[in-house]
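The values are calculated or read from the model by the stated rules, or taken from the named source; none is laboratory data. Nothing here was measured: the structure is a model prediction, and the numbers come from that model. Using ideal geometry, Cβ is built from the backbone for each residue, glycine included, and neighbour counts are taken over all protein chains shown.
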Amino acid sequence: MIIPDGNLHIYMLNVGQGDTTVIITPKGNVIIADVMRPSKVTQLLLDLGMKNRKAISKLIITHPHSDHFSGANRLINDFEIRQATVAPFWHTFGMGPPTYQRLVGRFFDEGTNVTFLSGYSRWYPDGAMKESTNDSHSEVDPDATFLEMLGPTNGLIRMLEDANVFNTNHLSIMLRLRWKNFSMIIGGDAQMENWAFFDQERMLEDKCQVLRTSHHGSSNGTQWERLDRLNPSQVIVSSDPGRGHRLPDLTSSAVFMRYDNNNTRMVVTTVDSGTIHLEVRPNGTRTTRCFHDSPNETINLSSSSPMTAQNNPTDWGALLNQRIHEMG
């Protein structure tokens, strides 16, 4: 736990071609979604005031790909983790490689409460009930912070297998963080079939202010229709376009260039911005700052700059031209 200041803090770390998000709730509880470069995560938490071995409230590993879980073993060494949520473990792909299986085993060894998510779950890290000063009945606080976790159902996985299109990314857990009127979606590596399934269940109809795109901005993870429906003012793409799988790809680069707007909307890659810090206040106002750190650098919390649609460090026109040239 970190000493709370009453605001919601979200750190989207620049870890290269991978994902790590650190959330500090208004009451100081710590949530982490995916872990790469654990020394960077540990240093951030210590710099924010967490004492060594104090508890992380929840760790979510969206799916068993190394660019999402490879740092979790080190994190277990550094901190106590109270709860962990992981992809379905009954499926062969869900069990992941041996390193992932050992990670899940360590959770049990350390006494972590582990949930294998299939379908929907909601969690209130700061408590769900209104604070009562009299003898009236308790009631759920509509302004309480909560996290919705959307995992693949058995039916979805079976349907994809029958169609011979299933892959490990389809196991990805999607997250929606809400506080008062603020909403943010973290897509993990969810594919278009994951989005479509939850659309059918009418579980992703609401708009959001911030979207962390699925699968590092690939065309299978983020389509124009999704951006247009959710209408986020800030879109964060956790990727290093020049390395690895070269994401975002040609199609999604064109989509992001079209969606990016110098006045009201911003689409940015973490390799250009460095780690991003989003601070949301109870009145709904928020500020976004970036640290311009490289994937291998720790974050200097005293050195940041404002990030707005007007000073977006990502040049989508240049990236699109590069992708076109690569097709050449």
Inset, instruction - Identify, by number, the condition in (1) polar (S, T, N, Q); (2) free of Cβ contacts under 8 Å to residues at least 12 places away in the same chain; (3) surrounded by 12 or more Cβ atoms within 10 Å (Cβ to Cβ) that N283 doesn't meet. - result: (3)
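For the stretch 249-267, state whether one or more residues are of a type outside the set (S, T, Y), under 19 Å from I60 (Cβ atoms) and at pLDDT below 90.
So far as the stretch 249-267 goes, no, none of its residues is of a type outside the set (S, T, Y), under 19 Å from I60 (Cβ atoms) and at pLDDT below 90.
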Inset, instruction - Among what's in the stretch 19-59 and is among the aliphatic types (A, V, I, L, M) and closer than 18 Å to S183 by Cα, pick the residue that is nearest to the chain's Cα centre (by Cα). - result: A33
Inset, instruction - Please determine, by comparing only the residues of the stretch 286-307 that are surrounded by fewer than 14 Cβ atoms within 10 Å (Cβ to Cβ) and under 18 Å from V235 (Cβ atoms), which one is nearest to the chain's Cα centre (by Cα). - result: T287
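Taking strands (runs of 3 or more DSSP E) that fall entirely within the stretch 106-156, which contain at least 1 residues that are hydrophobic (A, V, I, L, M, F, W, C) and surrounded by fewer than 16 Cβ atoms within 10 Å (Cβ to Cβ)? Before the answer, list the steps.
On the way: elements: 113-116, 120-123, 146-150.
Passing ranges, in order: 113-116.
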Inset, instruction - Please go through the stretch 83-99 and pick out each residue that is at pLDDT below 95 and either assigned to a loop (DSSP other than H, G, I, E, B) or in contact with a Ser or Thr (Cβ under 6 Å, 6 or more places away or on another chain) (or both). - result: A87, P88, F89, W90, H91, F93, G96, P97
Legend entry - Search result, residues across the stretch 99-158 that are touching a Gly at 6+ places or on another chain (Cβ under 9 Å), farther than 30 Å from G284 by Cβ and small (G, A, S): S118, G119
